[in-house]
Every structure is written in C-alpha cells, then in structure tokens.
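Remarks on the structure that follows.
The values are calculated or read from the model by the stated rules, or taken from the named source; none is laboratory data. Being a predicted model, the structure only gives us computed values, none of them experimental. Counting neighbours? That spans all protein chains shown, and the Cβs are built from the backbone with ideal geometry, glycine included. We work out accessible area using only protein heavy atoms, side chains counted, and drop any ligands, DNA or RNA first. Shrake-Rupley method; radii C 1.70, N 1.55, O 1.52, S 1.80 Å.
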Amino acid sequence: MNFNDSERIRGILRTMGYEPAKTWEEADLILLNTCTIREKPDQKVLSHVGEYKKIKEKKPDALIAVAGCLVQRAGWELVQKAPAIDIMFSSFNIHQFPELLNQAQAGYKAIAILENPPEDEDKIWEYPLERDNPYCAYVTVIKGCDKNCTYCVVPRTRGRERSRSLESILEEIKRLVEDGVREIHLLGQNVTAWGKDFKKQMHFSELLWKVAEIEGVERIRFTTGHPVDLDDEIIQAMAEIPQVCNALHLPIQSGSNRILNLMDRGYTKEEYLEKVFKLKEKIKGIALSTDIIVGFPSETEKDFEDTLDVIKQVEFEQIFSFKFSPRPGTPAASIENQIPDEIKTRRITELLEIQKTIMAKIAGRYKGTVQEILIEELRGKDTLVGRTTTNRWAEMKGGRELTGKIVRALVKEASPFNLTCEVLEVVR
Ligand code: SAH
Ligand code: SF4
C-alpha cells in the first residue's frame, strides 16, 4: 500500500512540474513515505531526516517532507523531534499534498494531520500515478481495515474500511490498459472486504468479474485477502475467471489456536486449513504464500510447533515471517509475557530452515514444466525477466520485442527463487 501511495505521490509531483533528482544534494524536495507496521522502519525515519537536514544546511531552499503512517501515529511528536521537517501529511490526506507543497514553497510550515479520513479523500484518484513497471500496475480498491488484530497498528493509521467505487476502479484500469498495462494487482489492507461498506453492498467476487471484462486485462492478482472474508464465491470466481492468477497470499500469522485467539484473528487453524484445501482442490496448482508472526506474547514451544505443522501441511511457495514487534497503543504490546528476542530469533531461524527445504521441493516440481510468463523487463543485451502466473520470477534468453508479451516457456532449471527457461512460443 505504501508503495502504491508513493507512486501516487510521485504522480502528484510530476503534475506539479517536479522531476526525479539524480542526487540528494541537488534535490529541491526530499520526501520520505513512512511505514509503521513494525518498529524498525519506524526508527529509521529520524536518522534519515537527520541526514537530509545536513543537505538542507547547504541548500536552505530544499524542502523536507514526511508522509505516511508514521505521521498518522506520531506526527506531532515527530514535529517536535525533527523541526527540520517542512511538510507533513498522512495517508488520509495525500490529496492535500499540492496545497501543502505550495504553502511550504511560500516559506510556511505545512503540517496536516487528520484524526479521521476527510470527506473529499476520493479526490486522490484524480491524480496520475507514476509507475516503474510498464506492464504490471497496482490499483488500490479499498483503504483501511475494520478488523482489530491485537498486534496491528493499521486500523489506527489507515482508519476504517472505505471501498473505492466500482466506477472509479474500472476507469483507472481502463486507462492503465490503454497505457500498455497487462497485469492488474488489486490492493487493500483487507481487499476481500471490498464492497461491504456500500449502501447497496457488493461482493469482492463481483469486482473480479468486472475487472476481467475489461478488454486487455490479461492477468489479475489481489492482496491482501483475509482468511475470514475469503468465501466460496471468491474461490469460485478465482477458479472460473481465466485472468485471475494461480496464486494467493493468505496470511495465517500463527498455527496455534490459542495464539490466533489472542491475536483476535477470527479463525482457527482448522478453519484456515479447510479454506486452503478447498483452494487447492478447486484451483489446480495454486501457489499459496503467507505471513507469519513469530514470538507473539506468551507463544510457547508448543504454539510454535503448531505453526510449523501448518507450514509443513500447506507447503507455501513463499513465507514472509516477522518477529513480533510491539506497536504503541495496540493491546498485544501490553501483554505481560513478552518473548525475548533470542527466542524469536531462534524460532524464526528454525522456521526459515524448514521453509528452505519446502521451497527446494516445490522448485523441483517446476523443472520440465511449461509455464506462461509475462515478460516484464529486458536485462542486459538478451536476458528477459518475467513472472509465472504463480508469481515466480523466471529468466530466459530473448530480445526486446518480447517485453510485455505473455510467452509459453519450458523450465530448464529451477531454484527456490528463480526459474531458468527457454521460450517456446508467444501466446499473446
Ligand atoms: N491485512 C493483512 C496484513 C497487513 S500487515 C492481514 O491481515 O493479513 C502485513 C503483515 O505485517 C501482517 O500480515 C503481519 O504478519 C505483519 N505484522 C503486522 N503487525 C505486526 C507486528 N506488530 N509485529 C510483527 N509483524 C506484524
Ligand atoms: Fe492489521 Fe490485517 Fe488485522 Fe487489519 S486484518 S488489523 S491490517 S493484520
């Protein structure tokens, strides 16, 4: 989501006449778009601003801006700690960035931190995006989250769920396709809840069908789906719509029912597994990925074993694992029994070791198969790079004329993170 917000911020800057600078020193504006989901990125902000301040001392006209979730969570504190900041806005008021920039250029501090998302936040969709990838585009379809996972800062920083209207989404996608985009990646903190907040409710599966109807949309992905909201209608749509990719990111967080309950995730290990088995049955060869938090307060060896058990049963193609990071103001941060860092490190290392073996096994299954790959980039003289519908990176020899094309390719070699292929034919 932050990445997509940054694309929007860059689009706004472009419409205001800004261009990317080659070095920090020559920049007229340095903008940091922050994330606050875990503590580490959060801590880095002040040290970055300290670096930018040195640049500003030599070039006093240069402006320093901080945007994003950290502003929502700790904006005023940040202003006090880092007075060098000229502009500040959160994810609620990116659309006000042009006004704030004008204000700062006129020599005023431009700080806007809102308690709640404003009425006119939909104005943001009128600004263009500046993207690096010409063929794959993110499209935000829902903002905020109505869940209350006890470890998570998102409901505080991004507010309650606000679905973007169907018309606005489809219009953006049509523009993207006209621009040459072939893969659409629908985005939201809880994308599967899209449409539930409309006066006349809509279902996420309807959105998938509507997007697929747009001429030129060759591939559809979406993140992040929540296990509770992933119902039969969505699974059915995924199975029936040819453009929906054969991959799903479905965060489980923990395999222990006791911990899932403490996290307030709203499902049990068994319910999660039931959905996974249904997905695997209805969508042959689907690649599943997940998020896991290791060392949630009070997590025992037994709880952790339950997580490992799920990993072994499901065989995820990819796992994003995080050490539990206490976030200010969240219930989990004040649970007494916090887990020491050495134990978190030991557990995450063990988890990654097991996952390495699973990934090697899965990679082996790709060898000798034929995959459809969307070529995204030409690297060097003749190396093409693209992704399979299961979201695996693949490399093959070929020329620039194949970029943006979907090809069928034979997998010659397969390692856990990369496939080496040979192009057989261009599909479209
Ligand atoms: N909406 C998504 C998650 C968005 S946050 C979902 O519910 O699945 C992305 C990931 O960051 C989460 O899945 C979780 O694994 C991780 N995360 C969030 N808060 C965290 C915390 N306090 N400590 C460690 N990891 C955290
Ligand atoms: Fe955070 Fe995701 Fe839970 Fe929402 S569903 S509170 S974004 S972890």
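Determine which member of the set Gln103, Gln72, Gln96 is within 16 Å of ligand 2 (Cβ to nearest atom) and either surrounded by 13 or more Cβ atoms within 10 Å (Cβ to Cβ) or among the aromatic types (Phe, Trp, Tyr) (or both).
Going through Gln103, Gln72, Gln96 in turn, just one is within 16 Å of ligand 2 (Cβ to nearest atom) and either surrounded by 13 or more Cβ atoms within 10 Å (Cβ to Cβ) or among the aromatic types (Phe, Trp, Tyr) (or both): Gln72.
Just checking, how many residues over the stretch 142-181 are of a type in the set (Ser, Thr, Tyr) and more than 16 Å from ligand 2 (Cβ to nearest atom)?
2
Any residue that is within 16 Å of ligand 1 (Cβ to nearest atom), among the charged types (D, E, K, R) and either surrounded by 22 or more Cβ atoms within 10 Å (Cβ to Cβ) or not in a strand (DSSP E or B) (or both) - is there at least one of those in the stretch 163-171?
No, every residue in the stretch 163-171 fails to be within 16 Å of ligand 1 (Cβ to nearest atom), among the charged types (D, E, K, R) and either surrounded by 22 or more Cβ atoms within 10 Å (Cβ to Cβ) or not in a strand (DSSP E or B) (or both).
Among the listed residues Glu377, Glu353, Glu395, identify the single one that is charged (D, E, K, R), assigned by TED's automatic domain parsing to the domain that holds Ser298 and at pLDDT 95 or above.
Values: Glu377 fails: assigned by TED's automatic domain parsing to the domain that holds Ser298; Glu395 fails: assigned by TED's automatic domain parsing to the domain that holds Ser298.
Unique residue meeting the criteria: Glu353.
Out of Asn116, Asn148, report the one residue that is on the phi < 0 side of the Ramachandran plot, more than 16 Å from ligand 1 (Cβ to nearest atom), surrounded by fewer than 16 Cβ atoms within 10 Å (Cβ to Cβ) and not assigned by TED's automatic domain parsing to the domain that holds Met88.
Asn116
Is it the case that the stretch 41-52 has a residue that's part of a loop (DSSP other than H, G, I, E, B), out of contact with any Gly (no Cβ under 9 Å at 6 or more places or on another chain) and surrounded by 19 or more Cβ atoms within 10 Å (Cβ to Cβ)?
To start, the set of residues in the stretch 41-52 that are part of a loop (DSSP other than H, G, I, E, B) comprises none.
No, there is no match, as no residue in the stretch 41-52 is part of a loop (DSSP other than H, G, I, E, B), out of contact with any Gly (no Cβ under 9 Å at 6 or more places or on another chain) and surrounded by 19 or more Cβ atoms within 10 Å (Cβ to Cβ).
Which residue pairs have Cβ atoms under 7 Å apart, sit 6 or more places apart or on different chains, and have a first residue in the stretch 12-31 that is assigned by TED's automatic domain parsing to the domain that holds Lys58 and a second that is open to solvent by 90 Å² or more (accessible area, probe 1.4 Å) and not in a strand (DSSP E or B)?
If the second residue must be open to solvent by 90 Å² or more (accessible area, probe 1.4 Å) and not in a strand (DSSP E or B), the pairs left are Asp28/Asp61; Ile30/Trp24.
Do you know which residues across the stretch 327-352 are polar (S, T, N, Q), open to solvent by 70 Å² or more (accessible area, probe 1.4 Å) and under 23 Å from the mean Cα position of the chain (by Cα)?
The answer is none; no residue qualifies.
Of all residues in the stretch 213-248, count the ones that are hydrophobic (A, V, I, L, M, F, W, C), open to solvent by 10 Å² or more (accessible area, probe 1.4 Å) and either more than 18 Å from Gly188 (Cα to Cα) or not assigned by TED's automatic domain parsing to the domain that holds Lys278 (or both).
Counting residues in the stretch 213-248 that are hydrophobic (A, V, I, L, M, F, W, C), open to solvent by 10 Å² or more (accessible area, probe 1.4 Å) and either more than 18 Å from Gly188 (Cα to Cα) or not assigned by TED's automatic domain parsing to the domain that holds Lys278 (or both) gives 2.
Being out of contact with any Lys or Arg (no Cβ under 6 Å at 6 or more places or on another chain), open to solvent by less than 40 Å² (accessible area, probe 1.4 Å) and within 22 Å of Gln243 (Cβ to Cβ) is the filter here; which residues of the stretch 390-420 pass it?
Residues satisfying the conditions are Thr390, Arg392, Ala394, Leu402, Thr403, Gly404, Val407, Ala409.
Yes/no per residue for (1) within 22 Å of the chain's Cα centre (by Cα); (2) part of a loop (DSSP other than H, G, I, E, B):
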site: Ile111; (1), (2): no, no
site: Asp132; (1), (2): yes, yes
site: Cys149; (1), (2): yes, yes
site: Pro155; (1), (2): yes, no
site: Leu176; (1), (2): yes, no
site: Thr192; (1), (2): yes, no
site: Phe198; (1), (2): no, yes
site: Glu215; (1), (2): no, yes
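Within 13 Å of ligand 1 (Cβ to nearest atom) and polar (S, T, N, Q): does that describe Gln253?
In short, yes.
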